[in-house]
1. Would you point out which residue out of 292, 268 is over 24 Å from the mean Cα position of the chain (by Cα), outside the structural domain of residue 571 (by TED's automatic domain parsing), surrounded by 14 or more Cβ atoms within 10 Å (Cβ to Cβ) and farther than 23 Å from residue 401 by Cβ?
2. Using the structure shown, decide if residue 738 is in a helix (DSSP H, G or I) and touching a residue at least 24 places away in the same chain (Cβ under 8 Å).
3. Inside region 567-597, can you point out the residues that are in contact with a strand residue (DSSP E or B) (Cβ under 9 Å, 6 or more places away or on another chain) and either in contact (Cβ under 8 Å) with a residue 12 or more places away in the chain or within 30 Å of residue 346 (Cβ to Cβ) (or both)?
4. Could you list, in sequence order, all residues of region 645-698 that are in a helix (DSSP H, G or I) and either within 22 Å of residue 256 (Cα to Cα) or within 21 Å of the chain's Cα centre (by Cα) (or both)?
5. State whether one or more residues within region 709-724 are surrounded by 20 or more Cβ atoms within 10 Å (Cβ to Cβ), modelled with pLDDT under 95 and part of a strand (DSSP E or B).
6. For region 116-130, which residues satisfy the criterion of being over 20 Å from residue 170 (Cα atoms) and not in a loop (DSSP other than H, G, I, E, B)?
7. Take the residues of region 500-535 that are surrounded by fewer than 20 Cβ atoms within 10 Å (Cβ to Cβ) and under 27 Å from the mean Cα position of the chain (by Cα): which is modelled with the lowest pLDDT?
8. Answer yes or no: is there a residue in region 492-506 that is free of Cβ contacts under 8 Å to residues at least 60 places away in the same chain and more than 28 Å from residue 576 (Cβ to Cβ).
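The values are calculated or read from the model by the stated rules, or taken from the named source; none is laboratory data. Given the structure is predicted, the values throughout are model-derived calculations rather than measurements. Here the Cβ positions follow ideal geometry from the backbone for every residue, glycine too, while neighbour counts run over all protein chains shown.
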């Protein structure tokens with residue numbers, strides 16, 4: 001098999017003057033990284049700015065930053081653009097010294113949104129740039145940015161969620177007890193716009209699959225002039241009940257979770273527009289078919305059109321509807337429809353223009369690119385080629401410029417580009433060999449860029465649109481003062497390359513950590529880390545998880561390869577697994593194993609495999625379909641039968657169990673248990689509400705019935721992610737102990 005080795009340049013050489021990085025000179029006897037220190041404070045990645053954005057007037061930059069003494073708690077920080085001064089705007093512990101216990105709805109929301117921190121986890125600016133809205137302690141605070149004074153808008157036993165400032169700054173809206181409320185900032189009056197919410201009915205909230213699979217975390221949208229709100233109504237009564245046992249150390253609670261498993265009914269979602277002055281509710285026409293997905297909602301700039309994205313149940317058709325918010329009727333002449341033989345991916349990149357046109361991302365060419373639609377319905381692509389646009393970062397109609405992030409040079413690097421509204425060749429604006437995340441200021445006044453590569457932890461700065469750095473927001477230099485400095489001398493840097501997939505022609509990108517002592521004369525055991533499913537890219541040149549260093553500094557070679565089905569290689573690469581999950585991905589991972597075992601510095605008889613979620617599924621499917629190829633496997637929170645997983649995710653790739661019974665059978669772990677041979681550890685949170693615990697308990701029961709020996713570790717009260725630091729320490733120690741027993745028993 002062909003392999004191309006790529007060694008990255010040192011950060012100091014790879015970066016231009018707009019993103020300098022000092023190469024640290026440290027003693028080679030650096031400390032060894034321990035599991036306890038990995039999860040302690042301060043965060044070893046260093047001070048990292050998250051949720052970075054401009055204030056509406058462009059005078060400030062705000063961001064979330066973890067406390068140095070407790071990396072699990074975030075504060076809201078601000079930087080004055082003119083002076084460069086940074087300061088704490090909202091100290092979470094001062095505003096709420098002891099946060100109250102989260103409600104079940106808030107726990108589920110944070111799990112869906114992958115929010116792992118506490119303290120300030122979100123915020124919203126008012127349009128004038130005078131104040132920020134901060135949900136904290138179950139209530140809503142309105143913070144004056146000049147004085148820092150915090151005004152508590154709510155103080156109730158209920159938990160207010162999804163708080164927003166209206167576009168013109170007249171109101172604050174939020175969800176309370178499954179209803180939509182507004183608070184008039186001028187009068188202090190608050191009122192419920194809906195009252196029916198409760199039980200199986202909710203207003204303004206995103207249903208389970210919208211949050212978990214569509215990345216839609218809200219169910220209401222303000223009009224530009226503050227006069228109306230588009231609101232989703234969700235009826236969960238058709239959804240099947242899955243009894244979820246919240247097993248904790250203190251006892252057992254039983255939750256009757258409405259969980260739409262593949263092939264079963266979804267919630268009924270309708271859309272309405274509420275007039276704030278009159279209270280009138282207008283029903284929006286989403287079509288005669290009710291078994292659909294409400295994906296996204298956007299108001300036009302004038303407020304005269306409500307743009308609604310809708311998918312059919314099979315997700316093979318995507319419609320962009322132009323609805324009249326006054327009557328609810330559709331203007332069918334403006335509808336945009338795209339279809340696919342496999343599925344339509346979703347994004348967040350609909351941008352309306354002043355003349356009634358819009359920009360959106362389309363994969364109709366086979367690769368995600370920017371499409372411009374004029375007011376008269378004519379359209380053209382602004383970008384093209386065998387590479388992928390990541391997202392639209394900004395639009396300035398006056399200069400006729402669109403800014404976007406994408407993977408134009410390599411699927412391993414993400415950069416910022418500009419392209420004319422006329423569709424000229426894109427111009428790259430950022431440097432380096434890693435990954436950029438950006439936020440473009442109004443009118444293209446500048447951008448906030450966060451950059452990282454394998455030798456540069458995330459650093460954030462304010463840049464001019466030509467890429468010249470103006471000021472640091474969070475420099476985070478990897479120097480002698482950095483939290484990771486004591487451990488840097490022992491750090492093992494990754495190597496990159498490609499190998500050939502199981503089809504004999506497709507290149508797959510791999511990433512490998514090789515300790516210095518691993519040679520032909522002293523070959524080392526290896527661990528393969530896998531995810532393998534759609535929507536995720538494991539191999540990239542951004543800053544890497546320091547968890548990897550625990551494995552490598554323990555003497556293991558660590559290897560990762562992105563099989564067909566993973567992201568940022570085009571739709572055909574991703575859709576290769578359509579209707580047959582757990583087959584092609586396994587073939588490619590075994591091709592990667594062949595390549596790895598051919599390295600003379602790897603002990604071919606001592607290779608382990610591990611993954612979480614889809615990666616846990618891949619661990620099971622790969623070891624079962626290739627018995628004896630791996631010496632040990634760890635499956636964390638694994639899917640075991642796709643008929644037990646949710647509708648929107650599973651049916652996107654597999655259709656329904658009724659329509660694709662052969663695919664569901666072949667993709668089930670239970671169909672391959674005759675190949676059980678590899679020593680196995682299964683790990684699962686006992687209160688997991690995503691990959692529910694019965695995925696694992698059914699596997700446990702079947703293996704026990706067959707008389708097969710295996711190991712398991714369950715975490716009472718934990719969901720799909722194991723969050724508290726003490727449990728993260730326990731989890732990693734459990735994994736390391738298992739691999740040491742089976743891959744390095746002579747230790």
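1. Details: 292 fails: over 24 Å from the mean Cα position of the chain (by Cα).
Within the list 292, 268, the selection yields 268.
2. Numbers: in a helix (DSSP H, G or I): yes; touching a residue at least 24 places away in the same chain (Cβ under 8 Å): yes.
Yes.
3. Residues of region 567-597 in contact with a strand residue (DSSP E or B) (Cβ under 9 Å, 6 or more places away or on another chain): 568-569, 588-589, 591-597.
568, 569, 588, 589, 591, 592, 593, 594, 595, 596, listed by residue number.
4. Going residue by residue through region 645-698, those that are in a helix (DSSP H, G or I) are 647-654, 661-666, 669-675, 694-698.
Listed by number, the residues that qualify are 647, 648, 649, 650, 651, 652, 653, 694, 695, 696, 697, 698.
5. yes
6. 118, 119
7. 535
8. Looking through region 492-506, none of the residues is free of Cβ contacts under 8 Å to residues at least 60 places away in the same chain and more than 28 Å from residue 576 (Cβ to Cβ).
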